Each structure stands twice: as C-alpha cells, then as structure tokens.
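Here is the structure we will look at, set down as structure tokens.
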Amino acid sequence: MAYKVMLSYSWDNSAERAALVHQLGMIRGVSVLFDRKHVGIGAAVHRELSGLLSKADCIVALLTKTAVRSKEVLDELTRAHERGKHIVPIVATDVSTDSLPWFLREANFIRYSLRDFDSTLAAVESAVRDAANKSQRRKRGRNVSPPGKVTRVAATLDVKRSPFSDPKLAKGARAPAVARRPKQKTGSATPDVGTYFRIRDSSLRSAKRSVALCIVENYLRDGDSILLDAGSSMYPIAESIAENTRAQPERCHFTIMTHNCAALEILTRLPSDSNINVVSAGGRYDRDLNAFLGPQTVNAYADFFPRVVILGVSGVRAEVGLFCHGNTEEVGVKTFIFRKQVRDRIIVADHTKLGFQDGFRFGESNALRDGTQRCIVVTSSPPRDASPDQRELFEGQVKLLKQYGVHVVVMDAAYQE
C-alpha cells in the first residue's frame, strides 16, 4: 500500500507545490495528496480536505508568510497534530519561529529559500523517503519510533541525485520498440560528465521541472499522441507524465514516440499495465546529446502523426527563429519535427534561451504557426537579481513572439538557481 503524503500550503505558493508534487511523486511507493488534484469542482472543500487528512500518513507543510497567516493551513496542521500525523515542516527564511503553530516551534525544520529551492526539494525528499521506510518497517512488525513526531533533518545537506540512477528497466516494463540505448561502461545510465547533455542538465533544474509540470498539467489531453524531442529540458516532462500515470492511470492514455534516451528510460520503467505506449524512434546513438539521431530517426517519425510536438531549443531569437547547438544530424531531426502538422506545437525555452542565437537554425519565426492550431512557448521568468538589460531583452522577445501569434507562458522565477 502506498505511503500517502498530503501537502498543506497557501495557493499563493502553487508553483512550489507543483515542484513538491513532482519530486515526491518520484519516490517509489509514495502517493501525493493535494487539494487541486483530489477535490473536484462543486465538492465541499473542507469536508474533502478532512478526508484527505484522514487518509494521509504524513503532512508536508510549506510555511511561507502567506501560509502562516492562512486559517485553512493552520486548521489543517492543528488537526494533523491532534490526529498524531507525521509532519514535515518547510519554513521560509523570512518566517519567524514565533509565527509558527506552537507545536512546531521547537521542532527542527527544513529551511526554504527561493535562491536554493533544489536543496529544499532534496531535503524534503530525504525526509519523506525516511518516513516512508520507517512506516514500511513498522508494518512488518519491527521496532521503530511512533508516528506523530515532527521529522528531524540534518542542518547541512549535500544531496545530488541523478534522474537516471537505475539503468535497468523494471520487471515487466515495455522496452523501446525500435532500439535500445547502449550501456555505459560505468553501468550507470547517466551520460559521461563532459557531455553537452550532462552540462545542460546541471543548470536550471528546478526551472525545467516547473516548465514540465505546466506543460503536462495544461496542454496534454487524455488520448494524445505525443512526439517528445531530445534535450535536458525534455526528460522532466517524461518524469511528470510518469508521475501522473502512477497517480491516475485512467486519465493517462498516451502514445509517446521519442529519440530522447533519458525519457525512454523513465517511461519504460512504468508498470506493464500502464496505459502509455512508448515507442523509440531509434537511430545512431549520440553520446554527447544522449539521443538517437540520423536518417533512421527521421524515417521513423515520417510514419508518426502526433497531436502534440514538444520541442527543445538551445536558443530562440523571435526575429530569426529557433536554434539548436548540436550537429547536422540533430538539425535534420529537429527540422523534420518542427514541420509536423499538429494540434499543438510546444516549445520549451527557459529565460536564458530567449534572445540567444546558437549554432544552427531549424525553424523560422514566420513558420511558427504553420501547420498547427496553436504554437506555445513555455519559459521561465528571469531571476529577481537579473539586470535591467536582461529583463528588457526577455520582455522584448516575449512581445515579438506574441506578434507572430505565439502563445507565451512565463513560469514564476521561484525555481531559478
């Protein structure tokens, strides 16, 4: 049975909630409960939340200034304490101990900072994973500490997790239909440290997660066929799809074709009875980009007619077009994908890529709306300490893209490293 974690937060912190849902959802055996997902339209909110609280084994509370002033959040935490629920408090750096509920004031809690939210996510994941493991041991009749304790976390954490930590496919999972990715000499699915993919993967991870969650929650419909591009901004989308599939399989009937090796490993680990068909485009394996490329890849996509194409870029110049960093094989694949006739053409580009021109152009600006009902650019806002010139460039690019008929979605900067 899944270990159920309920999130208590202020709606002003919905972006942070989305990141927590994604991070905790990757823990095997953990199910995440929260209001937006489990309380339907027209439902009695307080009664439904009380029901979620009763089901929960653990409460993760995001305590920002808005949250500690919220009667709803205080009520949830008070009831959780009275029912002996395990509480994992995350306290913003600008929230004083005196403003916390009395039963949390002497607890060790996780400090939350906008500038280092990845460390916060890692600490919360570690705390929940530990609590879930203790719960499993308790159920097996072993001696463990009783529930109701506030989780204690070490003051200094240095947690670096790879999304490809397990190179083996889960038993019973569907393998890629066309080709398998070659094994790394190290036995790990992570590309070598010096590869372009690894370098890009190490930057702006939280921003990429928030962009991925936005796409999956707002633009993918049950029954969609999806073409997922290669790149370090793409596999978080696969992770979010996988999390949704584990939580609500009845709403995740997808066919996904991709040449992204990281995404393939994530999706092929899903249980064999999931409602997702995963297809590898195959081709020559490019270690630097961690992707399949070449004529075989293009030929495989020629017979695939997706409703949604999700494209990665290394640069977007609104007045020029879309750019990629890689080799001519990558340009050929991206150009072919860009020209697909689709319902939605979704372009993923964090704020550092807007206004940036890279090695190869694969899509012209005046063709962004060609062959599609909607062209959507999902990006992240510049950090709060961005210079006036950076903000002016970003805002100018957004304005130009809108003039081309592109719908631009800007995610909040809470996840910027």
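The values are calculated or read from the model by the stated rules, or taken from the named source; none is laboratory data. Because the structure is a prediction, the values reported are computed rather than measured. In this analysis, Cβ positions are derived from the backbone assuming ideal geometry, glycine residues included, and neighbour counts consider all displayed protein chains.
Results, tabulated for the structure shown:
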{"quantity": "Qualifying residue in the stretch 242-255 (condition: at pLDDT below 90, touching a His at 6+ places or on another chain (Cβ under 9 Å) and of a type in the set (A, V, I, L, M))", "calculated": "no"}
{"quantity": "Residues located in the stretch 320-329, provided they are assigned to a helix (DSSP H, G or I) and surrounded by fewer than 19 Cβ atoms within 10 Å (Cβ to Cβ)", "calculated": "THR328"}
{"quantity": "Of all residues making up the stretch 58-103, the number that are among the basic types (Lys, Arg), under 30 Å from the mean Cα position of the chain (by Cα) and not in a helix (DSSP H, G or I)", "calculated": "2"}
{"quantity": "Residue in the stretch 330-386 that is farthest from ALA238 (Cα to Cα), counting only those that are in a strand (DSSP E or B) and aromatic (Phe, Trp, Tyr)", "calculated": "PHE360"}
{"quantity": "Residues within the stretch 203-235 that are buried (at least 23 other Cβ atoms within 10 Å of the Cβ), closer than 20 Å to HIS407 by Cβ and among the hydroxyl-bearing types (Ser, Thr, Tyr), tallied", "calculated": "2"}
{"quantity": "Pairs, first under 11 Å from GLY321 (Cβ atoms) in the stretch 343-370, second surrounded by fewer than 15 Cβ atoms within 10 Å (Cβ to Cβ) and charged (D, E, K, R), C-beta under 7 Å, six or more apart", "calculated": "SER365/GLU319"}
{"quantity": "Hey, VAL309 within 25 Å of ALA349 (Cβ to Cβ), aliphatic (A, V, I, L, M) and more than 17 Å from the chain's Cα centre (by Cα) or not", "calculated": "yes"}
{"quantity": "Strands (runs of 3 or more DSSP E) completely within the stretch 256-314 that count 3 or more residues being modelled with pLDDT of 95 or more", "calculated": "308-312"}
